[in-house]
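Read the structure below first, then the notes.
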Amino acid sequence: MFQWTQKWVFALLSCLGMQNALAESTVNMPYGVTRMSHDIYNLHMITFYICCGIGVVVFSVLFYSIYKYRRSRGAKAANFHEHPGVEIIWTLIPFLILVGLAIPATIVLKDIHNTNESDLIIKITGYQWKWKYEYLDQGISFFSNLATPQIQIDDPQKTKNEWFLLEVDNPMVIPVHKKVKILLTSNDVIHDWWLPAFGVKQDAIPGYINENWIQVDTPGIYRGQCGELCGAYHGFMPIVVQVVPEEEFEQWVAAHMLNKTAVSNGRKAT
Amino acid sequence: MNLTDDMATAHDHADHGPAKGLKRWLFTTNHKDIGTLYLLLSLTMFFVAGIMALVVRIELFEPGKVWVTPEFFNQMTTLHGLIMVFGVIMPAMAGFANWMIPMMVGAPDMALPRLNNWSFWLLPFAFLLLSLPLLRELVGMASHLIGLNLFAGAGAAPDYGWTFYAPLSTTYGPDSTDYMIFAIHMMGISSILAAINIVVTIFNMRAPGMTWMRLPMFVWGWLVTAFLLLAVMPVLAGCVTMMLMDRHFHTAFFEAAGGGDPILFQHIFWFFGHPEVYILILPGFGIISEVVQTFSRKRLFGYSFMVAATITIAFLGYIVWMHHMFTTGAPYAAQLFFMYATMLIAVPTGVKVFNWVTTIFKGELTFETPMLFALGFLVMFTIGGFSGVMLAIAPADYQYRGSYFVVAHFHYVLVSGSLFAIFAGVYFWLPKWTGHMYNETLGKWHFWLSAISMNLTFFPMHFVGLAGMPRRIPDYALQFTNFNQIATVGAVIFGLSQLLFLAIVIRSCQKHKAGVNEHLPDNVWDGGRSLEWTRLPTPVPYHTFETVPEIGPNDTH
Amino acid sequence: MTTDRKYKNKRLIWQLSVGVVFMFGFCYLLVPLYTLICNHLGINGRGDFFVRDVDPNVKADLSRTIKVDFSTTVHGDFPFVFKSVTHHLSIHPGEKKLVYFYAENQSAQGITVQAIPSITPDDAAKYLKKTQCFCFTQQYFAPGERADMPVYFYLEPNLPKEIKEVTLSYSLFDARQYLKNEKPYTEGRIDL
Ligand SMILES: [Cu+2]
Ligand SMILES: [Cu+2]
C-alpha cells in the first residue's frame, strides 16, 4: 500500500515534466542516479514551484499597489484595517498547501530510514581529514585521501586538475544495482558524508553510528564532500564513489584481498 | 544593587539636561543615551564583522589559496557569525527598544534605568574579550613582518563556526574557546538584564489608557522577543558552562568517552539557537509594521492577527529546534514531528506578510528611504521565507543542510530581513531623534546599492549550494567558480555602500550637535501613529513624558 | 513614582528572575532528560540495554530472522586492537546469543577503556537487550593484555516487523581522563 502510494505520487510528479529540465546545470540540485535522489529532487522542485506560485500572487499584489496607490498619482488612503474572514482564508490556504507537501515528504523520509535487505555493508569513518572505508563482510579496509597536489591549491598560477579538490587516491567502490548500507562514525570530530548525486547526506558522529543506504543504477564516478565543519581542512576531504558492474566489483574485491597488507591502513595497530 | 533606588532615579534627573563629556556616556541612565550607545556599538561592530565577511569573500573569489590560510579563514567565518548575531543585530534592536519603547508607551524612561546602564556597558567588554585572541594573532602577524615574534605560541582565535559544535570546540578547540565562553556569558547577562528591563517597562510603565491592544507593533514585537530572551539566553549560558566544565573539570557532557554525547550539545545549542532566530527578527517585524503603516498613511491591517501571529511564531519557535539536526540520525517519528512543526511556522509568518501587503494595498504611498528598505524587506525576507519552507521538508533538507543553500537562506532572512529592518528603523526615526532630515538622495542610493548588491552576493549562493558546495570551506571545486566570483563582487559593493550609511548617520549627528534646527514637523512623515509622532516635538527633548500622558482610543491607530 | 508601582516592579523582577534561574537549571535538566528520552526512543542508537535477568517467558519468534551485524571502532589514536570475533549472525527475535569481542592493549602502559554501544536503525535500539556486556563499566588492560569480552544479548520479540537488519556497534575510547571508582564488570571475560 505504502509503496503503491509512493509510486503513484511520484509518477504524477514526473508527469509534470520536472525531471531532467534543470538537472544537468550547476544551478540546481542534481537529479542524481538513485531512486532516493530522484524523490528528493522531485520534492525539492515541487516545493520550489509552490513557493514560486505563492510568490507570484503576493508580489503581484505588492507591486500593483506600489504602482497604483502612490501619493504622486493622487491616491488617497482607504480606511479599512481589518477583516477576520480574509485572515482566516490566508491562514487556511497555506496550511492546506503545507499538508499537501507534508504527505510526499513523509513518504520519502520513511524510505530514507529503510535500510533493510542490504546486499553490502560499508562502514565509513571520518577522520581529520580523510575518510576510511571498511567493507565489513569482505574484510577490506582503506583510507581515502585528497589526491589534488598541494601546489595546485597554494599556487594560483598552476593549472588545476579537472576534478580539483574532488579527487581521491582510493575511491569507494560499489556494485551497480545493489543496495549498499553505509554505517557512519567518526574517529574525532563530527563529519558528514555527502554525495549529492545519491541523495545521501549523513553525519559521522564520534562514538555513535548512523546509517543510510545507496542503490545506484548507473555505473560511473560520483563525487561529494564533507558536509559538516570538522576543522581547518574540512574543505579538503572529498568523497569519490566508483560504481561498477558486479563482475568488476568482484574482481576489485579479489584484488584487494590479495594485497590487503599493501593497502595503506593508517593505524599501526590494526 | 538596590532596585528600589534604581527605580527612583528615573525622576532624579528630571530637571537637568545631559551631563557633559565622557561622564555622560559612562554613567548615563537616560534611555535615549543608552539607546544611542547600543546603536553606536552595533554600527562599529557592523563594520568589524563586515570586514571579516570581506576577508572570507575575497578568499573565495577563485579556487586555490587567494590570501589566507584555511585556519584563518575559519576564524573569520566564526567571528563574523558571532559578532553579526550578538554584536550587530541584537544591540541594534536593543538600541531601538531603549529609544522607542518608553516613548511609545508614554513613559518617562525605562523602568530600571541604572540596570539599563549596566546591561549596555557589559557589551563592549564582552566583544573585547571575544576579539582578544584575534587581536593577539593580528598583532603577532604584524610583529612578524617587522622581525619581532610577539605572541608566538598563542593559539588560534575561535575557529569552529558560530554554532561551535562539540567536540570540535571542546576536546579539539583552541585555548581561545574559554575567551569565547566568558564573552558569551557577559553577552547573555547583558541580554537578560535588558530583557527584564523591557518586560517591566512594558508591563508597568504604560501610560493610563495605553491598553495592551493599543500598543504599537514594535512594542509587541519586543515584548515577545524579551520573553524569548529570558527563556533561552540562560540555556545558552548553561550550554557554554557545560563546555567550560568539559574542557577543564573532567566532566563529560559532550564527550562520549566519559558517557556524554556530542549530539546533546546540538540539542541544547539549537534549543537556544532556533528561538534566537526569532529574537533577531521579531523586533524587525515590529519596525516594518510601523514603517509600512506610516508610509501607507493607513492603519496596519489586521493588528490583532499580527499580535497573535507574533506570539504563535515565538511559541512554535521553541518546538522546532531539531530541524537543524535532521542528518544527525534520529528516529523517523521524531523527524516527522519536527518537520511538521517547522512547516507550521510558515503559516503565521505568511499571515504577517499578507497583512503588510494588505496594509499597503489602497494606501497613499510615498517612497522615502525607510519605506524603500521596508519594501525591500517585504520582498527579500519573503524569498528567505520560501527557502525556509524548502529547508523544512526533511528529505530535501538532507541535501540542503551544511551547503551554501543554507548560507543563502539565512542571509536573506538576516541581511534583507533583520538588517534592512534596522536600516528602515534608523532612517525612520533619525529625523525624530536629531531634528535633522538626512539626505534623501544619498539614502536612496544606499538602499538601491544595498538591495542590488545584496542579491548579487547571496542569490548565487542558492545555486552553488544546490549544486553541492559545502559551507565553511576556504577553497572549492572549479565548477563553483562563476557564482562565487559574482558573490564576491556583490559583497564588495555591499560593503562599500555601507560607507554611505555611515556618512549619512554622521552628518545627522553633526547637525544635531551643532544645534541646527530645521523646524521639522512633529509628525515627520505625516502618517506616524504612535506617541513619539503625535505627542512629542521634533527633535525629541532629552526628557520626555515627565507628565504622564492620557491615552485615548484615537492615539495609536 | 508611586510605591504601588515600585512594588509591582519589584514583584515582576522577582518573577522574571526566577524564570531565568529556572531556565538555567532547565539546561542542566536537559542532560538527564535527554538520556531518558534517548533510552526510550533510541535516539542516536541508544537504548535501555541492560537487563539483569531475562524474562523467562520470552519466546523466540521463529517466524522471523533478523540479521545482526557487528562493528567496532577504536576512537582516536591509541595503540589498541578491537575486533568483533563474529562479524554477523542471524537470530530470531527472543533468541539469546553470546558473542565475543577481542581487544588487545599494544602499548607499554596500562589503559582503561570504555566501550560506547550504538545501535542502528534508531527504531531498533530499544528492543535490543543485554544481560552481559563489557560496555557496562570501564575495562582495564595491562600492557600487552589481550582478552575476549562477551556480549550476551537478545532482540525483544515485539521488535517492529519492518526491521530486518540491526547493527550493533562499539566505539572504544581511552577513558583514562574519566576514571570511575567502580568495580569493573568482568563477568565472562576470557583473558588470553
Ligand atoms: Cu568536514
Ligand atoms: Cu531553526
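The values are calculated or read from the model by the stated rules, or taken from the named source; none is laboratory data. A quick note: this is a predicted structure, and the numbers were derived from the prediction, not measured. We place every Cβ from the backbone using ideal geometry, glycine too, and count neighbours over all the protein chains shown.
Summary of computed values
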read-out	value
Residue within region A:144-152 that is at the interface with chain B (Cβ under 10 Å from one of its Cβ atoms), in contact with a strand residue (DSSP E or B) (Cβ under 9 Å, 6 or more places away or on another chain), more than 16 Å from ligand 1 (Cβ to nearest atom) and not in a loop (DSSP other than H, G, I, E, B) present	no
Of all residues making up region B:464-479, the number that are touching a residue at least 24 places away in the same chain (Cβ under 8 Å) and in a helix (DSSP H, G or I)	4
Subset tally (residues that are facing chain B (nearest Cβ under 7 Å) and within 48 Å of the chain's Cα centre (by Cα)) for region A:68-83	4
Residue within region B:307-327 that is polar (S, T, N, Q), surrounded by 24 or more Cβ atoms within 10 Å (Cβ to Cβ), farther than 26 Å from B:Ala94 by Cα and within 16 Å of ligand 1 (Cβ to nearest atom) present	yes
Failed condition for A:Gln215, given (1) in contact with a Lys or Arg (Cβ under 8 Å, 6 or more places away or on another chain); (2) touching a residue at least 12 places away in the same chain (Cβ under 8 Å); (3) within 13 Å of ligand 1 (Cβ to nearest atom)	(3)
Out of A:Asp137, A:Asp111, sole residue that is more than 7 Å from chain B (Cβ to nearest Cβ), among the acidic types (Asp, Glu) and in a helix (DSSP H, G or I)	A:Asp111
Any hit, region C:140-154, residues being more than 22 Å from C:Pro79 (Cα to Cα), in contact with a Gly (Cβ under 9 Å, 6 or more places away or on another chain) and in contact (Cβ under 8 Å) with a residue 60 or more places away in the chain	yes
Strands (runs of 3 or more DSSP E) contained entirely in region C:81-192, each with at least 1 residues that are of a type in the set (S, T, N, Q)	C:88-91, C:96-105, C:111-120, C:128-133, C:139-141, C:165-174
Filter result for B:Leu82 (crowded, with 20+ Cβ neighbours inside 10 Å and touching a Pro at 6+ places or on another chain (Cβ under 9 Å))	yes
Region B:323-373, residues that are more than 7 Å from chain A (Cβ to nearest Cβ), away from ligand 2 (no atom under 16 Å from the Cβ) and either part of a helix (DSSP H, G or I) or of a type in the set (D, E, K, R) (or both)	B:Ala333, B:Lys352, B:Asn355, B:Trp356, B:Thr358, B:Thr359, B:Glu368, B:Thr369, B:Pro370, B:Met371, B:Leu372, B:Phe373
Given (1) more than 9 Å from chain B (Cβ to nearest Cβ); (2) more than 10 Å from ligand 1 (Cβ to nearest atom); (3) not polar (S, T, N, Q), number of the condition A:Tyr208 does not satisfy	(1)
Tally, over region B:86-138, of residues that are on the phi < 0 side of the Ramachandran plot, in a loop (DSSP other than H, G, I, E, B) and of a type in the set (Gly, Ala, Ser)	2
Test for C:Ala142: is it assigned by TED's automatic domain parsing to the domain that holds C:Asp77 and either closer than 25 Å to A:Leu184 by Cα or crowded, with 19+ Cβ neighbours inside 10 Å (or both)	no
Members of region C:164-189 that are within 7 Å of another protein chain (Cβ to nearest Cβ) and surrounded by 14 or more Cβ atoms within 10 Å (Cβ to Cβ)	C:Lys164, C:Glu165, C:Thr167, C:Ser169, C:Ser171, C:Phe173, C:Asp174, C:Ala175, C:Tyr178
Failed condition for A:Leu166, given (1) within 16 Å of ligand 1 (Cβ to nearest atom); (2) within 30 Å of A:Asp155 (Cα to Cα); (3) in a strand (DSSP E or B)	(3)
Test: A:Thr185 is part of a loop (DSSP other than H, G, I, E, B) and away from ligand 2 (no atom under 16 Å from the Cβ)	no
Residue that is in contact with a strand residue (DSSP E or B) (Cβ under 6 Å, 6 or more places away or on another chain) and not assigned by TED's automatic domain parsing to the domain that holds A:Thr47, where the choices are A:Pro156, A:Pro171	A:Pro171
Answer residue from region A:122-134, given it is away from ligand 1 (no atom under 16 Å from the Cβ) and surrounded by 20 or more Cβ atoms within 10 Å (Cβ to Cβ) and is farthest from the other protein chains (Cβ to nearest Cβ) among those	A:Tyr133
Qualifying positions in region A:225-250 - within 7 Å of another protein chain (Cβ to nearest Cβ) and either in contact with a strand residue (DSSP E or B) (Cβ under 9 Å, 6 or more places away or on another chain) or modelled with pLDDT of 95 or more (or both)	A:Gln225, A:Cys226, A:Gly227, A:Glu228, A:Leu229, A:Cys230, A:Tyr233, A:His234, A:Gly235
Any hit, region B:363-385, residues being within 30 Å of A:Tyr208 (Cβ to Cβ), away from ligand 1 (no atom under 16 Å from the Cβ) and modelled with pLDDT of 95 or more	no
Counted residues, region A:224-255 - those being part of a strand (DSSP E or B), within 16 Å of ligand 1 (Cβ to nearest atom) and farther than 20 Å from A:Ile205 by Cβ	1
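Residues checked against (1) in the same structural domain as A:Asp192 (by TED's automatic domain parsing); (2) without any contact (Cβ under 8 Å) to a residue 24 or more places away in the chain; (3) over 27 Å from B:Gln293 (Cα atoms):
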{"site": "A:Asn42", "(1), (2), (3)": "no, no, yes"}
{"site": "A:Val58", "(1), (2), (3)": "no, yes, no"}
{"site": "A:Val61", "(1), (2), (3)": "no, yes, no"}
{"site": "A:Lys68", "(1), (2), (3)": "no, yes, no"}
{"site": "A:Ala78", "(1), (2), (3)": "no, yes, no"}
{"site": "A:Pro94", "(1), (2), (3)": "no, no, no"}
{"site": "A:Thr106", "(1), (2), (3)": "no, yes, yes"}
{"site": "A:Ile124", "(1), (2), (3)": "yes, no, yes"}
{"site": "A:Tyr127", "(1), (2), (3)": "yes, no, yes"}
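Each row is one residue, and each column tells you yes or no for (1) within 16 Å of ligand 2 (Cβ to nearest atom); (2) farther than 20 Å from C:Ile116 by Cβ; (3) over 16 Å from the mean Cα position of the chain (by Cα); (4) not β-branched (Val, Ile, Thr).
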position: A:Trp194; (1), (2), (3), (4): no, yes, no, yes
position: A:Val200; (1), (2), (3), (4): no, yes, no, no
position: A:Ile214; (1), (2), (3), (4): no, yes, no, no
position: A:Asp217; (1), (2), (3), (4): no, yes, yes, yes
position: A:Gly235; (1), (2), (3), (4): no, yes, yes, yes
